[in-house]
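Enquirer: Can you keep this structure in mind? I'll have questions shortly.
The values are calculated or read from the model by the stated rules, or taken from the named source; none is laboratory data. All of these numbers come straight from a predicted model, not from anything done at the bench. Note: ideal-geometry Cβ built from the backbone for every residue, glycine included; neighbour counts use all protein chains shown. Remember, those area values only see protein heavy atoms, side chains included, never the ligands or the DNA or RNA. Shrake-Rupley method; radii C 1.70, N 1.55, O 1.52, S 1.80 Å.
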Amino acid sequence: MMPRTLRGLIALTGLAIGVLTIALGSATYYFANTSLVDELNTRIAVESRALVAIGGQGGIAAVAAAVRAREAAPSVGNLGYIVIDDHGRHVAGALRAAIPPAGYWDCMDYVRSDGRRSVAQSLNSPLPGGGRLIVAVDRTIVNEADGTVVILFGTAFGMILLFGFGGAWLVGRIVRGRLDRMATTAEAIMAGDLSRRMPLTGEHGEFDQLSTVINRMLDRIEVLLENLRRISTGVAHDIRSPLNRARGRLEALEASLGDRPQGNEVSASIGDLDDVLDLLRALLGISEIEGFAVRKRFVRLDLGALVEDVADGYRPVVEGAGLTIATDVASLAVAGDPALLRRALANLIDNTILYTPPGTHIVVSTTLRAGDVVLTVSDDGPGVPDYERENIFSRFVRLDSSRSTPGHGLGLNLVAAVASAHRGSARALPTERGLAIELLLPAAPEPAAEAAAASSVG
């Protein structure tokens, strides 16, 4: 099963490199060891055949003489000899070791001329006419070669693992960086900024190809949504005009009827038309906000001062409804449209006035959290059921308990649209009592930092 994360892919790559390196090192060790052992076996086999041939001509005495001659010659190298008769008595040979089994033996312990113990590779062969010949060669060269191979393999294994994991980590970091940039863009698009596009590096690689396809899809979606927005706005404008004319005619009719009973019906009809016109104005306002054209009007402003101003203006209305309001704000700067932010805050306070009983206490606060300015409007009223909390920002959503109150279910939808236009978000927080709605807005950079960023771009 293939890994589904970059971390898993890096681990699998490192494991595969490690297994491959171990297999390669083991094969190298085996073949190097086998080659050296075979070479030593060939050497002692050739020497044994030569001495056995001498024994076939002159008996064990000739073999003993040949062994003594070889041991006396400086070219004997690291070969050792033992010659024994039929009774196991030592006849010739300076090799000090126990008699090994017949045939080849790879682990014959012996004592070297300097008194140190070592291991030899030997061949025990029968001599013509009786007796046995043992020819041995020291295995030091094999052991040293094995040790060298192990050291080289260990060093190579460590370097391969280091470069393998390092390369996999570097590739993973590059891929993760590209994915993070794409995820950041996707989050901005999900937040409503359809002008954003997936970043391209110009290298025409796989990521660029994928980003190009996604960007073409976003272009198409943006065109379709813009067409839909224009149609909706055009229809709304077209509907408003005849409605306004109808309202004007009803007002004229109402004036001509004077105190006659039909005047009450005309007045009620005018009120219904005003409700429809208010709904159209709200929809057009939300459509304009969702188009993000309002960002051209953004200025740096003190959100704390704006909150204090709106709360002071609403205090008589709040207290007239039997509620109380308090603020807990700090001087925090955001980049935004003052009129829209006032409207969003006003909608939140209006929402509390409409749907909470007398005696409810409203708190409006601002805080700074991880680079975001947080505007919170909370109350200790009846609150909202948990299963409805995520739906209250949707368009035309009205809870069952609010069906008898005036409105169209667009107030909180406008709040969410304003937050999104300011590159922020709106959410309802879980509380033990009442309702708390939180707007997260990016904090405006300090003027000096903003000027430095602008100059670096220029």
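Enquirer: If R0 is 22 Å, what FRET efficiency do you get for SER195 and ARG300 from their C-beta distance, rounded to 0.05?
Expert: 0.50
Enquirer: While we're here: Please work out how much accessible surface LEU283 shows to a 1.4 Å probe, ignoring ligands, DNA and RNA, in Å² rounded to 10.
Expert: Counting only protein heavy atoms, LEU283 exposes about 50 Å² to solvent.
Enquirer: Based on the Kirkwood radius over alpha-carbon pairs, what value in µm²/s does the Stokes-Einstein equation return for the translational diffusion coefficient of the stretch 69-114 at 37 °C and 0.692 mPa s? Don't jump to the answer; show the numbers that get you there.
Expert: On the way: Rh = 12.0 Å.
This corresponds to a translational diffusion coefficient of 274 µm²/s.
Enquirer: Sticking with this structure for a sec: What do you get for the angle between helix 338-355 and the principal long axis of the chain? Use alpha-carbon atoms, 0 to 90 degrees, nearest ten.
Expert: Here the helix axis deviates by roughly 80 degrees.
Enquirer: Further, regarding this structure: If I take every Cα pair under 8 Å that is 6 or more residues apart in the chain, average their sequence separation and divide by the length, what percent do I get for the relative contact order?
Expert: Relative CO of the chain lands at 10 percent.
Enquirer: Sticking with this structure for a sec: Pop a pseudo-label 7 angstrom from the Cα along the beta-carbon direction at both ILE174 and ASN264 and give the gap in nm to one decimal.
Expert: 8.2
Enquirer: Another question, then. Counting only protein heavy atoms, what percent of the accessible surface of the chain is carbon or sulfur at a 1.4 Å probe?
Expert: Using a 1.4 Å probe with all protein chains present, the chain comes out at 60 percent carbon and sulfur.
Enquirer: What do the square roots of 5 times the Cα gyration tensor eigenvalues come to for the stretch 172-282, in whole Å, largest first, as semi-axes of the equivalent ellipsoid?
Expert: 56, 13, 6
Enquirer: On to the next question. By average Cβ neighbour count within 10 Å, what is the ranking of 44-50, 368-374 from highest down?
Expert: 44-50, 368-374
Enquirer: About its Cα centre, what dipole magnitude does the chain give when the only charges are +1 on Lys and Arg Cβ and -1 on Asp and Glu Cβ, stated in debye to the nearest 20? Provide the component values of the computation, followed by the final result.
Expert: Details: 44 positive and 51 negative charges, 371 e Å.
That gives a dipole near 1780 debye.
Enquirer: To the nearest 10 degrees, how steeply does helix 447-457 sit against the main Cα axis of the chain, on a 0 to 90 scale?
Expert: The angle comes out at about 60 degrees.
Enquirer: Also, quick follow-up: Among GLY14, PRO242, LEU95, whose Cα lies farthest out toward the positive end of the dipole of the chain, if unit charges sit on the beta carbon of Lys, Arg (+1) and Asp, Glu (-1)?
Expert: Farthest towards the positive pole: LEU95.
Enquirer: In square angstrom, rounded to the nearest 10, how much accessible surface does MET159 have for a 1.4 Å probe?
Expert: Here the accessible area works out near 100 Å².
Enquirer: Please report the spacing between the Cα centers of the stretch 172-227 and the stretch 65-104 in Å, no decimals.
Expert: Cα centroid to Cα centroid, the span is 83 Å.
Enquirer: Going by a ≥ b ≥ c, the root eigenvalues of the Cα gyration tensor, does the stretch 283-336 fall in the rounded group (a/c under 1.5), the prolate group (a/b larger than b/c) or the oblate group?
Expert: Oblate, because a/c is 1.5 or more while a/b does not exceed b/c.
Enquirer: Here's another thing I want to ask about it. As I understand it, the dipole of the chain uses +1 on the Cβ of Lys and Arg and -1 on the Cβ of Asp and Glu, about the Cα centre. Which of VAL63, LEU228, PRO385 lies farthest toward its positive end?
Expert: VAL63
Enquirer: Note down the accessible area of TYR355, probe 1.4 Å, to the nearest 10 Å².
Expert: 80
Enquirer: Per-residue HN-Hα couplings for the stretch 43-60, Karplus 6.51 cos²θ - 1.76 cosθ + 1.60 at θ = phi - 60°, whole Hz, x for Gly and Pro?
Expert: Those phi angles translate into 5, 6, 5, 4, 5, 5, 4, 5, 5, 5, 5, 5, x, x, 9, x, x, 5 Hz.
Enquirer: Over the Cα atoms of the stretch 1-138, Rg to Rh with Kirkwood Rh, two decimal places? Walk me through the intermediate numbers first.
Expert: Details: Rg = 23.1 Å, Rh = 17.6 Å.
That ratio equals 1.31.
Enquirer: Any idea what angle helix 262-290 forms with the longest principal axis of the chain, computed on alpha-carbon atoms, 0 to 90 degrees, nearest 10?
Expert: With rounding to tens, the tilt is 30 degrees.
Enquirer: Counting just the Cα atoms, what span does the chain cover along each of its three principal axes? Round to the nearest Å and put the largest first.
Expert: 157, 48, 46
Enquirer: Rank by packing, highest mean first: peptides 238-244, 80-86, with packing defined as the count of other Cβ atoms within 10 Å averaged across residues. Don't jump to the answer; show the numbers that get you there.
Expert: Numbers: 238-244: 11.9, 80-86: 20.6.
Taking the mean over residues of other Cβ atoms within 10 Å, the ranking is 80-86, 238-244.
Enquirer: Debye calculation, C-alpha points only, no solvent: report log10 I(q)/I(0) for the stretch 204-355 at q = 0.09, 0.13, 0.21 Å⁻¹, in the same order as the q values.
Expert: -0.56, -0.94, -1.19
Enquirer: Here is a further query. For the stretch 218-305, calculate the relative contact order in percent as a whole number, restricting contacts to Cα pairs under 8 Å that are 6 or more residues apart.
Expert: Taking the mean separation of contacting Cα pairs over the length of the stretch 218-305, I get 30 percent.
Enquirer: Can you compute the modelled spin-label distance between GLU222 and ASN391, with each label point 7 Å from Cα toward Cβ, in nm?
Expert: Reported label-point gap for GLU222 and ASN391 is 3.4 nm.
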